[in-house]
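A.B. asks: Provided herewith is a single structure, encoded as structure tokens, for subsequent inquiry.
The values are calculated or read from the model by the stated rules, or taken from the named source; none is laboratory data. Remember, predicted model here, so these are calculated numbers, not experimental data. Virtual Cβ from ideal backbone geometry, glycine too; neighbours counted across all protein chains shown.
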Amino acid sequence: MKKIAYTLFSAAVALSLFSGSVSAKKNLNLIVNGVPATSAQSYIDSGTTVVPLNIVSNFPGVTITWNNAIKTLNLKSSDSNISLQVGDKFALINNVKKNLSYPVKVEKGRVMVPLRFISESVGASVGWNSHTNTVYVSKQSKAVKEKIESNILSEERSGVLSLPRFDLLPEIKISKQYNEDLTQFLYFTEGKADSFFIRTGDVIRYYKINENASNLTWIGKVDLNKKETNKGLSFLPYKIVQEYGQKPAISNKLVYFKVMLPIMEAEYGFVNQDGAQEKLGQKEVSLNQVFDIQEEIK
């Protein structure tokens with residue numbers, strides 16, 4: 001079975017970005033599996049991100065048991081059994097003791113847990129955007145994992161498009177004149193599904209895939225009225241006027257899907273190395289779903 005070569009993005013590395021000394025509690029934004037946790041009273045305390053226990057209930061494949069009498073928390077995933085007690089600076093993972101930098105607490109009736117420890121223990125990924133003060137947390141479901149590990153390319157790509165997206169770079173907003181543009185352009189390297197471009201209006205994003213999320217590694221804004229050759233991005237014949245992150249260089253042929261959202265159909269075809277576009281047809285699509293292209297070399 002074909003596997004995607006995942007981009008390593010561990011919770012430990014991601015959270016090291018905000019593990020510095022913080023003397024007071026600092027509020028933050030939290031997005032779990034692509035959905036803002038607007039009611040969560042999450043914060044950073046002394047370098048540790050602390051979240052309400054119910055956040056973990058959004059992780060697929062994780063079950064939680066809380067014993068109020070002895071203030072003990074148990075979490076079970078496919079390969080871990082984790083036990084924590086309020087106030088203790090250690091936990092048991094499969095009966096092995098592990099020290100904690102921050103204990104479980106009960107605050108105003110809420111059980112508060114250290115996000116880094118919980119995420120690492122149950123196999124979730126975590127990302128930090130210092131520009132927006134946002135923590136992203138994601139753990140993929142079994143159904144999405146099966147799609148990504150499929151040997152059918154369209155299933156792999158559809159699984160990838162269904163993953164939550166970690167937007168860890170400064171934000172670039174679409175220009176006002178394109179706010180009502182309901183066309184979305186998707187680009188994949190021919191025969192692959194481990195990364196993709198998505199353009200809406202005059203803003204284009206490039207994502208690389210890890211086990212639990214799509215990580216934004218480059219974002220750019222283009223002037224659609226000014227033609228310009230971009231080395232390594234031959235499919236993008238417009239002047240780049242703003243960008244953040246590491247701009248990718250793509251030398252292979254790309255497949256494209258021009259998704260027309262109002263009618264849920266997609267024009268599809270190839271973009272050759274010289275930037276020439278070859279339209280092959282048009283089909284119905286569903287949101288975050290693509291289809292196989294017969295002419296594509298897989």
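A.B. asks: Which residue, of 105, 98, 89, is in contact with a Phe, Trp or Tyr (Cβ under 7 Å, 6 or more places away or on another chain) and in the same structural domain as residue 49 (by TED's automatic domain parsing)?
C.D. replies: 98
A.B. asks: Right, next: Answer yes if at least one residue in segment 237-254 is buried (at least 18 other Cβ atoms within 10 Å of the Cβ) and closer than 16 Å to residue 154 by Cα, and no otherwise.
C.D. replies: yes
A.B. asks: Where in segment 61-178 are there helices (runs of 4 or more DSSP H), lying wholly inside it, with at least 3 residues that are among the aliphatic types (A, V, I, L, M) and over 24 Å from residue 195 (Cβ atoms)? Break it down into steps so the answer makes sense when it comes.
C.D. replies: Details: elements: 115-122, 142-148, 153-162.
Qualifying helices (runs of 4 or more DSSP H): 115-122.
A.B. asks: Of the residues in segment 26-55, how many are outside any strand (DSSP E or B) and among the aliphatic types (A, V, I, L, M)?
C.D. replies: 5
A.B. asks: Can you list residue pairs whose Cβ atoms sit under 8 Å apart, with the first residue in segment 236-263 being on the phi > 0 side of the Ramachandran plot and the second being of a type in the set (A, V, I, L, M, F, W, C) and not in a strand (DSSP E or B)? Count only pairs 6 or more apart in sequence or on different chains.
C.D. replies: Matching pairs, first to second residue: 245/169.
A.B. asks: Looking only at segment 270-298, count how many residues are touching a Lys or Arg at 6+ places or on another chain (Cβ under 7 Å), over 21 Å from residue 150 (Cβ atoms) and either part of a loop (DSSP other than H, G, I, E, B) or without any contact (Cβ under 8 Å) to a residue 24 or more places away in the chain (or both).
C.D. replies: 2
A.B. asks: Right, something else. Does residue 56 count as under 27 Å from residue 146 (Cβ atoms), touching a residue at least 24 places away in the same chain (Cβ under 8 Å), in the same structural domain as residue 37 (by TED's automatic domain parsing) and surrounded by 12 or more Cβ atoms within 10 Å (Cβ to Cβ)?
C.D. replies: yes
A.B. asks: Of the residues that sit in segment 202-227 and are assigned to a loop (DSSP other than H, G, I, E, B) and more than 20 Å from residue 178 (Cβ to Cβ), which one is modelled with the highest pLDDT?
C.D. replies: Step one: list which residues in segment 202-227 are assigned to a loop (DSSP other than H, G, I, E, B), which gives 202, 210-213.
Add one more test, that the residue is more than 20 Å from residue 178 (Cβ to Cβ), and what stays is 210-213.
Values: 210: 87, 211: 82, 212: 91, 213: 94.
Applying the filter and picking the extreme gives 213.
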